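Take a look at the structure below.
The values are calculated or read from the model by the stated rules, or taken from the named source; none is laboratory data. Being a predicted model, the structure only gives us computed values, none of them experimental. Positions of Cβ are generated from backbone atoms using ideal geometry, with glycine treated the same way; all protein chains shown enter the neighbour counts. Note: accessible area is taken over every heavy atom of the protein model, side chains too, but ligands, DNA and RNA are not part of it. Shrake-Rupley method; radii C 1.70, N 1.55, O 1.52, S 1.80 Å.
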Amino acid sequence: LRDKASLDTSWPCHIFWPVMSYLSKISAAAQLVHEDEFRRMLEPGRKKMDKLIGRLPKGQESPFGDFPSDYTRPGDEQKRASALAVMGTASLSTPRTLEPLASARGKTTPRTARLTPREPQSARSTKLSPRSPQATPRGLESLGPPMAGAFKRRNIEPSEFRRFYDRNDLPIQIMHTGTQNRIAWKVDVEKLDYHHYLPIFFDGLREKEEPYRFFAVEGVYNLLEKGGSKILPVVPQLIIPIKKALNTRDGEVMVTTMKVLQTLVLSAEMVGEALVPYYRQILPVLNIFKSATKSTFDQMDYGQRKRMDLGALIDETLEILETHGGEDAFINIKYMIPTYESCVSV
């Protein structure tokens, strides 16, 4: 068996469906879900930590949106009860309640300590230890300039796709299958308004949470597959979502965006040439990460079939842009990425 055409529908179910799942290709969105499960085993709590430090947007507090600022959140009383059980009545004590007890015992509290005379700030700041690095000129020179942070991940803002999905304004729903999930469209994809829906799905490429990311990535591929001539007029509206996704400087988001960018160029005619005027918005981030190629030395990279190597994917994307971008593609790529060499033979 080499393809689905050689399948026989008269086979028993316990033979037909395993063979069908073996021959069906895993989509890019399903591959991201699998990678998330693998990383969850190695780095449990990674996404929760990213949410705490602000790298990922937080979800809504309820199906109807966030609670008001003066509203007690569900679970606050339970957290307070658990804190009392662990810390005892010490959690109930405040500086205001401790002040009468401390004054009776002759002790100072944080409230009464402010009334005590303190040394001026200017006098205390001038007293440096002889061993402190600020006391010698050599210590001041060793500080150096701060890091530029060109490769540092940026905080991901909530996308328009998340807002539309939470409002149930998108004609999509999940369809569970044996090996991977798919999108069940409530309307024929060919009948959709691409000027409205395609930029929304492209804006969801920077999402890293489910189900937003799966629906956005899978929806983009479905729309590009069946778009045809509807894709070319929408290209100017796709530049800002692509730029926002690349400017996150998150490796996973950048890989997904470049794979979609390659599919966009190959999806219809003249799309590659329509992207040439927008190279100044797309290519600066690729210039930064162009050399970010994984060095395996003499080891074997068994995950290369997933195409997750950032540097190699950038080179592949630039070659596709040059091949399908027309005569002015190379000079515009060379202007933004000086280290790029042409792949087209003269």
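What the table below lists for this structure:
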read-out: Neighbourhood net charge (12 Å Cβ-Cβ; Lys/Arg +1, Asp/Glu -1) for ASP169; value: +2
read-out: Residues whose placed amide H lies under 5 Å from that of ILE172, excluding near-sequence neighbours; value: LYS186
read-out: Using a Förster distance of 45 Å, the FRET efficiency for HIS195-ILE174 (Cβ separation, nearest 0.05); value: 0.95
read-out: Segment PHE67-ILE288, length gained on full extension (0.36 nm per residue, minus Cα span); value: 75.5 nm
read-out: Those residues of region 274-290 whose amide nitrogen sits under 11 Å from the label point placed on LEU232, 7 Å along Cα→Cβ; value: 274
read-out: Accessible solvent surface per residue of region 161-309, calculated while the other protein chains remain in place, 1.4 angstrom probe, Å²; value: 47 Å²
read-out: Protein accessible area in region 232-341, 1.4 Å probe - carbon and sulfur %; value: 53 percent
read-out: R0 of 25 Å, Cβ-Cβ distance GLU37-ALA150: FRET efficiency to nearest 0.05; value: 0.20
read-out: ARG307-GLU157 pseudo-label distance in nm [points 7 Å out on the Cα-to-Cβ vector]; value: 3.0 nm
read-out: Gained length - ARG167 relative to LEU266, 0.36 nm times residue gap less alpha-carbon distance; value: 32.4 nm
